[in-house]
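The values are calculated or read from the model by the stated rules, or taken from the named source; none is laboratory data. None of these values were measured; they are calculated from a predicted model. Don't worry about glycine lacking a Cβ; one is built from the backbone with ideal geometry, like all the others, and counts go over all protein chains shown. The area values use the complete protein model at the heavy-atom level, side chains included, leaving out ligands, DNA and RNA. Shrake-Rupley method; radii C 1.70, N 1.55, O 1.52, S 1.80 Å.
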Amino acid sequence: MVKRIVWKEGDLVSLKLRENLYALAQMTRNSIMRFYAASSATGDWSGLTLDTTPVLFSGFVGKIVLRQLAVEQIPAGSPLIVGDHERYWLRPLVNFEGGFPFRGADLVDLGADCALDYSVIPALKEELALPASRDLIERHELTNMWGDADLSDRLCRYFDTGVNRDDLKFEVFPGLWTDRQSMRPLTRRLPVPLR
């Protein structure tokens, strides 16, 4: 019987991405999960020093991530410290001109404790556009929720190729990257015809 994993801020979870590939993540605040550049063939994390392990990204996750990917919950060894990768986000703008539902984004700040609602807070910077805001767009994550399949795709691709980015940005920010064809198939973050 699989053990039920309950969200507890600061606790770590071992995520089984596929046979012989596990990733390490940390539950932070308000459905935000932090993903580390640490993988394991067995899911054994003994000997890992979290303080020196780079953070890949953070993202809002649905409960399905815990139900489908998490295989072990590891109690926090130290108090949770929220970083800038959990504080600053790209809130996509609704595209009323047809085509993909989102085009462009605002930069928002959820506050030092990540307690603010990203859907209603004022933007720090509105309507980020290329090329002027390229650095902000590449550095920060979209507020769109991650599910188990698209999250697994992104993490597997990182551990297989070293590429760590959200394919949804291909559509939200057209022209951000020019290697779309060479990256195919893209992750399940995009609908089938766009992969």
Checklist entry - Give me the pairs: first residue in the stretch 45-67 and under 22 Å from Leu110 (Cα atoms), second residue in a loop (DSSP other than H, G, I, E, B) and open to solvent by 80 Å² or more (accessible area, probe 1.4 Å), beta-carbon distance under 6 Å, and six or more apart or on different chains, which are they? => result Phe60/Met145; Gly62/Met145
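Test Val108 against the stated conditions and say whether it is more than 30 Å from Leu21 (Cα to Cα), without any contact (Cβ under 8 Å) to a residue 40 or more places away in the chain and over 18 Å from the mean Cα position of the chain (by Cα).
Working: more than 30 Å from Leu21 (Cα to Cα): yes; without any contact (Cβ under 8 Å) to a residue 40 or more places away in the chain: yes; over 18 Å from the mean Cα position of the chain (by Cα): no.
So Val108 does not fit the description; no.
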Item to check | So Asp113, is it surrounded by fewer than 18 Cβ atoms within 10 Å (Cβ to Cβ), modelled with pLDDT under 90 and among the acidic types (Asp, Glu) | outcome: yes
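Just the residues that are crowded, with 16+ Cβ neighbours inside 10 Å and either of a type in the set (Gly, Ala, Ser) or without any contact (Cβ under 8 Å) to a residue 40 or more places away in the chain (or both), please, taken from the stretch 169-185. Lay out the reasoning, then the answer.
Kept after step one, since they are crowded, with 16+ Cβ neighbours inside 10 Å, are these residues of the stretch 169-185: 169-173, 176, 183.
The answer is Lys169, Phe170, Met183.
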Next on the checklist: Looking at the stretch 150-168 only, could you name the residues that are over 11 Å from the mean Cα position of the chain (by Cα), in contact (Cβ under 8 Å) with a residue 40 or more places away in the chain and open to solvent by 30 Å² or more (accessible area, probe 1.4 Å)?
Outcome noted: Tyr158, Phe159
